[in-house]
Amino acid sequence: MSCSNILDMVYYNEENISLLNHLQIGFHAFFCQDCARKIELYNIARASMKEDFFPSVDIEDSVMARIAHENENEEAALPVHGVPSTRGWVIAGVVLVVSLVSAFFGFDFRRLASESGMSFMLPMGITIGLILTVYCALFIGSHLKELSERFGL
């Protein structure tokens, strides 16, 4: 057999090499020093990859201790984001009411109201009432705990 056939058997058929192939590889390596050196380097590299390639790391204890520490301080570690403060809600409410009321003082409102009459005022009042009701419901729902503690409910 040629050197390339022997090296192919070593490199690509390492799991299912028969006894006859082992003898052929050993016989060829005995007489061909170049192939013997390549086979020996391949075996060293393969053994190194199996044992030393991924160094053993024992981090289980430190990871579990950190998880336990985070679970103990879970409420303190998690900041509350996305919920505006009561002051922010009040400021937004004042801006909302001022903007809804100022709609009646626009330049075209008087002309539009006089031309449309009560058929315009009814939808306008329903819209303003709906906007204020939804805003108040969201405010009360998001501050239910604070409001119940404050008013003793």
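The values are calculated or read from the model by the stated rules, or taken from the named source; none is laboratory data. Fair warning: this is a prediction, and the values are worked out from it, not measured in the lab. FYI the Cβ positions are ideal-geometry reconstructions off the backbone, even for glycines, and counts take in every protein chain you see. Heads up: the accessible areas ignore ligands, DNA and RNA and are worked out on the full protein's heavy atoms, side chains in. Shrake-Rupley method; radii C 1.70, N 1.55, O 1.52, S 1.80 Å.
Using R0 = 30 Å, the C-beta based FRET efficiency linking Asn16 and Ile59 works out to 0.25.
Using a 1.4 Å probe and counting only protein heavy atoms, arrange Met1, Met64 so the residue with the most accessible area comes first. Kindly include the intermediate steps, with their values, before the conclusion.
Details: Met1 135, Met64 110 Å².
Accessible-area ranking of Met1, Met64, largest first: Met1, Met64.
Exposure check, 1.4 Å probe, all protein chains in place: Asp58 carries approximately 120 Å² of accessible surface.
In order along region 34-50, the phi-based Karplus estimate (6.51 cos²θ - 1.76 cosθ + 1.60, θ = phi - 60°) of 3J(HN,Hα) comes to 5, 5, 4, 5, 5, 5, 5, 5, 5, 5, 5, 5, 5, 5, 5, 5, 6 Hz; Gly and Pro are listed as x. Fully extending the segment from Ile140 to Met1, taken as 0.36 nm per residue of separation minus the present Cα-Cα distance, adds 41.3 nm.
Counting only heavy atoms of the protein chains and using a 1.4 Å probe, Thr86 has close to 60 Å² of accessible surface.
In this simple spin-label model, placing a label point 7 Å from the Cα along the Cα-to-Cβ direction at both Met124 and Val101 gives a separation of 1.6 nm.
Our note on the geometry: Cα centres of region 107-131 and region 1-51, 93 Å apart.
In this simple spin-label model, placing a label point 7 Å from the Cα along the Cα-to-Cβ direction at both Ile44 and Glu70 gives a separation of 4.4 nm.
The apolar share of the surface of the chain, taken as the fraction of accessible area on carbon and sulfur atoms (1.4 Å probe, ligands and nucleic acids excluded), comes to 65 percent.
Of all segments of the chain bounded by chymotrypsin sites (Phe, Trp or Tyr not before Pro) found in a DSSP loop with no more than 12 other C-beta atoms within 10 Å, the longest spans 54-106. When exposed loop sites are taken as GluC sites (Glu not before Pro) in a DSSP loop with at most 16 other Cβ atoms within 10 Å, the longest stretch of the chain clear of them is 16-153.
Can you tell me the dipole magnitude for the chain around its Cα centre, using point charges on the Cβ only (Lys, Arg +1; Asp, Glu -1), in Debye to the nearest 20?
Details: 10 positive and 18 negative charges, 212 e Å.
Computed charge dipole of the chain: roughly 1020 debye.
On average, how much accessible surface per residue is there in the chain, in Å², for a 1.4 Å probe, leaving out ligands, DNA and RNA? Before the final figure, lay out the partial values.
On the way: 12700 Å² over 153 residues.
Accessible surface, normalised per residue, equals 83 Å².
3J(HN,Hα) along region 91-97, derived from phi through the Karplus expression 6.51 cos²θ - 1.76 cosθ + 1.60 where θ = phi - 60°, amounts to 4, 5, x, 5, 4, 5, 5 Hz, with x in place of Gly and Pro. Site pair Leu23 and Glu115 shows an inter-label distance of 10.9 nm when each label is modelled 7 Å from Cα along Cα→Cβ.
Heavy-atom accessible area, probed at 1.4 angstrom with all protein chains present, ranks Lys38, Lys145 as Lys145, Lys38, highest first.
Can you give me the relative contact order of the chain as a percent, contacts being Cα pairs under 8 Å and 6 or more apart?
Values: 29 pairs, mean separation 20.8, N = 153.
Taking the mean separation of contacting Cα pairs over the length of the chain, I get 14 percent.
Go ahead and estimate [θ] at 222 nm for the chain from helices alone: -39,500 (n - 2.57) per DSSP H run with n ≥ 4, summed, over the residue count, rounded to 500.
Values: 9 runs with 117 residues, N = 153.
Result for the chain, helices only: -24000 deg cm²/dmol.
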